[in-house]
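Novice: So that we are looking at the same thing, I have put the structure below in structure tokens.
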Amino acid sequence: MSGYTGKILFVDLTQEKIVERDTVKYMEFLGGRGIATKIIYEFGSDTLVFMTGPLTGFISSGSRMDVVSFRNMLVGSNVGGEFPTFLKFAGYDGIVLIGRSEKPAILQIDDDGVSLESVEDLWGKDAFETIDLLTHGQRDIKVAAIGRGGEKGIKTAGIMFSHRNLASRGGLGAIMGSKNLKAIVVHTTNGLEPYNPPELMKVITDIQRSITKSGEFMRFKDWHVNFVPTILKLKMPYFGDYERTWEEAEEAAMNAKEFFEKHTSKRASCFSCPLRCWAIVNYEGEYPINLCQGTFPAITFTLKVKDPELAWKIYLKMQKEGLDIMSTVAVIAYASHLGKVKLGSEEILDFIDKIVNRVGEGDIFAEGIKKAEEHFGVPAVYVKGGMESWSSDIRPFVGSALISTVADSEGVNRALYGFPEFYYYIKKEQAEKMARMFVGEKNAAYPWDYSDAKVKFAVMWENMHIIADSLGVCVIALLTTPLELWCRAYYAITGNRITPSDLIHYAEKIRTLERVVNIEYGGVKDEISPRLFKGEVGLDREKLERMKKKYYELRGWNENGIPMSETLERYDLR
């Protein structure tokens, strides 16, 4: 079974029972996000799934894996780096965790087998310390670990993968911590064998050529230095939930640019990826740290940190504690609105400690922004399910607001990355070109557009993300490359023919299954914070509701957002 290893590891932590199940029965959901969602549906809401895709480990930018679980609704995050590829090298398409270990444990996977080991001495270590202690500096050992945030059940905690990638959305680290599992360790010397190596080499060349000729590839060339000023030009909603302007924003952006010009040592990428969208930052004797460019601007602008050295300390602290930066920043911004912490100051570092250690009111904020709103009675900003918004404030971007309303994964950014309305203000012609290419109408790229074309654009953009997440490839690479090339890659790797239409069908099937899971296990309504409809930049509730109904229609769901019988039959989900 080329492409797939053919085995999924099922671990019952309560019973300390480890079994292997055949991947074949799940292949109708393609891989990654699709198979993970199916397993959640089959085994229940207590399940935590790590799932690679059929292209993981084989192809340019094929370094991805989906991590999916359930809280009050599905939560999911797509991660890269090297761990996903090494998991497949070890012989497993994925890992499924159920139950809870009696004592703090790690799951050890190596060429000799799989075991659960007690590691009470690691409990209380931050994520970086844990990874360092488990890898012993060996490059062929890969680790997924939680920090203290996950141990304490902080609802903004994620799972750290080897110092760089964080499966962060929806509190996945808290879910892993609730299972008393500190880390998963993979150590292998094995590899993978595709169905048709010569054809694979040809398609790899074509995909790399497509990626390296794309605007995204050129953008990342100096992105690590210029990304903070660029975000400012994009008019991204990073100025916080409670203030629309910040007079010192431009100065802060230039300070950040100078900081990264001085302290960036080189660029880096995930396994086999030519994009090199990561920066390696070396500051004040710390060992070099990978910088995620998408999150640092949130610290700069939302928390109004003009001093880039302080912003870096905040970034590094959240990474070490294993906290989702976007969600934690939103929580801190809300706390500042209540007068609990002063933005732009060292108080932010102390406040993070209060959250992680659940000290005083930090215990309230550790439960996330929706719970804090319920406690303090002051309106906060959040998206469906009470999730902190990816960019803190979605009001300036109508497509983002729609997706954030109807999403069935608390990681709403899983459908939003690269949505052309986000870069409209600096690349108008390119945004309009993408809108015409996808839906035939350039107005679908306008941030303020409430048209049916925008709804169709949002549906198609969701589909692209689901395809990437399920194949096991980076969505940036997928969006720069025709689907026909990924179909060729799928054939060269697995020996099975597939068409772009097939990929769209898979995406629509998986998206519908996500809705079915949430209806059965959660029942969370398609609603966002009422505060988002207020103020001079507030969303138009009536127009957004009309967009929501159109979205349901395009998905084959009824007016209440429930998949219709014929839709379930079309995707064999009855």
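Novice: Where the second residue is in a helix (DSSP H, G or I) and of a type in the set (Ser, Thr, Tyr) and the first is under 24 Å from ALA407 (Cβ atoms) and lies in the stretch 417-446, which pairs have Cβ atoms under 8 Å and are six or more apart or on separate chains?
Specialist: Final answer for the pair search is PHE419/SER400; GLU421/SER400; PHE422/SER400; ALA431/TYR423.
Novice: Tell me which helices (runs of 4 or more DSSP H) are completely within the stretch 317-395 and hold 1 or more residues being surrounded by fewer than 22 Cβ atoms within 10 Å (Cβ to Cβ), aromatic (Phe, Trp, Tyr) and not assigned by TED's automatic domain parsing to the domain that holds TYR446, or say none if there are none. Spell out the reasoning first.
Specialist: On the way: elements: 325-337, 347-356, 362-365, 369-376.
Of the helices (runs of 4 or more DSSP H) lying wholly inside the stretch 317-395, those with at least 1 residues that are surrounded by fewer than 22 Cβ atoms within 10 Å (Cβ to Cβ), aromatic (Phe, Trp, Tyr) and not assigned by TED's automatic domain parsing to the domain that holds TYR446 span 369-376.
Novice: Given the condition surrounded by 24 or more Cβ atoms within 10 Å (Cβ to Cβ), in contact (Cβ under 8 Å) with a residue 24 or more places away in the chain and not in a helix (DSSP H, G or I), answer yes or no: does some residue in the stretch 457-470 qualify?
Specialist: No, the stretch 457-470 contains no residue that is surrounded by 24 or more Cβ atoms within 10 Å (Cβ to Cβ), in contact (Cβ under 8 Å) with a residue 24 or more places away in the chain and not in a helix (DSSP H, G or I).
Novice: Next question, about the same structure. Please count how many residues of the stretch 193-223 are in a loop (DSSP other than H, G, I, E, B), at pLDDT 90 or above and either in contact with a strand residue (DSSP E or B) (Cβ under 9 Å, 6 or more places away or on another chain) or among the acidic types (Asp, Glu) (or both).
Specialist: Counting residues in the stretch 193-223 that are in a loop (DSSP other than H, G, I, E, B), at pLDDT 90 or above and either in contact with a strand residue (DSSP E or B) (Cβ under 9 Å, 6 or more places away or on another chain) or among the acidic types (Asp, Glu) (or both) gives 1.
Novice: Between a residue in the stretch 227-249 that is farther than 15 Å from GLY535 by Cα and any residue that is in a helix (DSSP H, G or I) and at pLDDT below 70, which pairs come within a Cβ distance under 8 Å, given they are 6 or more apart or on different chains?
Specialist: Once the first residue is farther than 15 Å from GLY535 by Cα and sits in the stretch 227-249, its partners that are in a helix (DSSP H, G or I) and at pLDDT below 70 give THR230/TRP223.
Novice: In the stretch 435-456, which residues are of a type in the set (D, E, K, R), in a helix (DSSP H, G or I) and more than 28 Å from GLY76 (Cα to Cα)?
Specialist: ARG436, LYS442
Novice: Could we say that LYS313 is part of a loop (DSSP other than H, G, I, E, B) and over 26 Å from VAL75 (Cα atoms) here?
Specialist: no
Novice: ARG33 - would you say it is outside the structural domain of GLY368 (by TED's automatic domain parsing) and either surrounded by fewer than 22 Cβ atoms within 10 Å (Cβ to Cβ) or in a strand (DSSP E or B) (or both)?
Specialist: Against the criterion (outside the structural domain of GLY368 (by TED's automatic domain parsing) and either surrounded by fewer than 22 Cβ atoms within 10 Å (Cβ to Cβ) or in a strand (DSSP E or B) (or both)), ARG33 does not qualify.
Listed here are the residues, each with its yes/no results for (1) within 19 Å of LYS103 (Cβ to Cβ); (2) outside any helix (DSSP H, G or I); (3) in contact (Cβ under 8 Å) with a residue 40 or more places away in the chain.
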site	(1), (2), (3)
ASP132	no, no, no
GLY150	yes, no, yes
ALA174	yes, no, no
GLY191	no, yes, yes
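Novice: In addition: Within the group ILE154, ILE98, which residue is at pLDDT 95 or above, of a type in the set (Val, Ile, Thr) and closer than 25 Å to ASP469 by Cα?
Specialist: None of the others qualify; the one that does is ILE98.
Novice: Might you check whether a residue that is among the basic types (Lys, Arg) and under 19 Å from LEU316 (Cα atoms) occurs anywhere in the stretch 121-144?
Specialist: Step one: of the stretch 121-144, the residues among the basic types (Lys, Arg) are 125, 139, 142.
Subsequent filtering for residues that are under 19 Å from LEU316 (Cα atoms) retains 125.
Among the residues of the stretch 121-144, at least one is among the basic types (Lys, Arg) and under 19 Å from LEU316 (Cα atoms), which makes the answer yes.
Novice: Right, something else. Can you tell me which residue within the stretch 313-337, out of those that are under 20 Å from THR130 (Cβ atoms) and among the hydroxyl-bearing types (Ser, Thr, Tyr), is farthest from the chain's Cα centre (by Cα)?
Specialist: Restricting attention to the stretch 313-337, the residues satisfying the condition of being under 20 Å from THR130 (Cβ atoms) are 315-325, 328.
Filter once more, so that each one left must be among the hydroxyl-bearing types (Ser, Thr, Tyr): 315, 328.
Details: TYR315: 17, THR328: 15 Å.
Among residues in the stretch 313-337 that are under 20 Å from THR130 (Cβ atoms) and among the hydroxyl-bearing types (Ser, Thr, Tyr), the one farthest from the chain's Cα centre (by Cα) is TYR315.
Novice: Taking the condition of being over 20 Å from ILE98 (Cβ atoms) and buried (at least 24 other Cβ atoms within 10 Å of the Cβ), how many residues in the stretch 159-172 meet it?
Specialist: The initial filter retains those residues of the stretch 159-172 that are over 20 Å from ILE98 (Cβ atoms), namely 160-166, 168-169.
Still in the running and buried (at least 24 other Cβ atoms within 10 Å of the Cβ): 160-161, 165-166, 168-169.
Summing the residues that are over 20 Å from ILE98 (Cβ atoms) and buried (at least 24 other Cβ atoms within 10 Å of the Cβ) in the stretch 159-172 gives 6.
Novice: Pick out the one residue from GLU410, GLU347, GLU367 that is touching a Gly at 6+ places or on another chain (Cβ under 6 Å) and over 19 Å from PHE533 (Cβ atoms).
Specialist: GLU410
Novice: Here is a further query. Return only the number of the condition from (1) at pLDDT 90 or above; (2) in a loop (DSSP other than H, G, I, E, B); (3) under 27 Å from ALA477 (Cα atoms) that VAL305 does not satisfy.
Specialist: Going through the list (1) at pLDDT 90 or above; (2) in a loop (DSSP other than H, G, I, E, B); (3) under 27 Å from ALA477 (Cα atoms), VAL305 breaks only (3).
Let's see how each residue does on (1) surrounded by fewer than 24 Cβ atoms within 10 Å (Cβ to Cβ); (2) touching a Leu at 6+ places or on another chain (Cβ under 9 Å); (3) of a type in the set (D, E, K, R):
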{"residue": "ILE8", "(1), (2), (3)": "no, no, no"}
{"residue": "ASP12", "(1), (2), (3)": "yes, yes, yes"}
{"residue": "GLU28", "(1), (2), (3)": "yes, no, yes"}
{"residue": "MET51", "(1), (2), (3)": "no, no, no"}
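Novice: Still on this model: Go through (1) within 21 Å of ALA249 (Cβ to Cβ); (2) free of Cβ contacts under 8 Å to residues at least 60 places away in the same chain one by one and return the number of the condition GLY339 breaks.
Specialist: (1)
Novice: A further question on this structure: Please work out which residue is surrounded by the most Cβ atoms within 10 Å (Cβ to Cβ), limiting yourself to the stretch 471-515 and to residues that are of a type in the set (Ser, Thr, Tyr) and outside any helix (DSSP H, G or I).
Specialist: Of the residues in the stretch 471-515, the ones of a type in the set (Ser, Thr, Tyr) are 480-481, 490-491, 494, 499, 501, 506, 512.
This time we only want the ones that are outside any helix (DSSP H, G or I), so: 480-481, 499.
On the way: THR480: 20, THR481: 22, THR499: 12.
So, considering only residues that are of a type in the set (Ser, Thr, Tyr) and outside any helix (DSSP H, G or I), the one surrounded by the most Cβ atoms within 10 Å (Cβ to Cβ) is THR481.
Novice: Shifting gears a bit: Take the residues in the stretch 384-419 that are modelled with pLDDT under 90 and of a type in the set (Val, Ile, Thr), then tell me which one is farthest from ASP469 (Cα to Cα).
Specialist: Looking at residues that are modelled with pLDDT under 90 and of a type in the set (Val, Ile, Thr), I get ILE394.
Yes or no, residue by residue, for (1) closer than 14 Å to ASP408 by Cα; (2) in a loop (DSSP other than H, G, I, E, B); (3) of a type in the set (Asp, Glu):
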{"site": "GLY523", "(1), (2), (3)": "yes, yes, no"}
{"site": "GLU527", "(1), (2), (3)": "yes, yes, yes"}
{"site": "ARG531", "(1), (2), (3)": "no, no, no"}
{"site": "GLY538", "(1), (2), (3)": "no, yes, no"}
{"site": "LYS543", "(1), (2), (3)": "no, no, no"}
{"site": "MET547", "(1), (2), (3)": "no, no, no"}
{"site": "LEU554", "(1), (2), (3)": "no, no, no"}
{"site": "GLU569", "(1), (2), (3)": "no, no, yes"}
{"site": "ASP572", "(1), (2), (3)": "no, yes, yes"}
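For (1) farther than 25 Å from SER2 by Cα; (2) under 22 Å from the mean Cα position of the chain (by Cα); (3) not assigned by TED's automatic domain parsing to the domain that holds LEU166, each residue gets a yes or a no:
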{"residue": "VAL75", "(1), (2), (3)": "yes, yes, no"}
{"residue": "GLY81", "(1), (2), (3)": "no, yes, no"}
{"residue": "PHE86", "(1), (2), (3)": "no, yes, no"}
{"residue": "ALA90", "(1), (2), (3)": "no, no, no"}
{"residue": "GLY94", "(1), (2), (3)": "no, yes, no"}
{"residue": "SER101", "(1), (2), (3)": "yes, no, no"}
{"residue": "LEU107", "(1), (2), (3)": "yes, no, no"}
{"residue": "VAL114", "(1), (2), (3)": "no, no, no"}
{"residue": "GLU117", "(1), (2), (3)": "yes, no, no"}
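The values are calculated or read from the model by the stated rules, or taken from the named source; none is laboratory data. Values in this document were obtained by computation on a predicted structure and should not be read as measured data. Every residue, glycine as well, gets a Cβ built from its backbone with ideal geometry; the counts of neighbours run over all protein chains shown.
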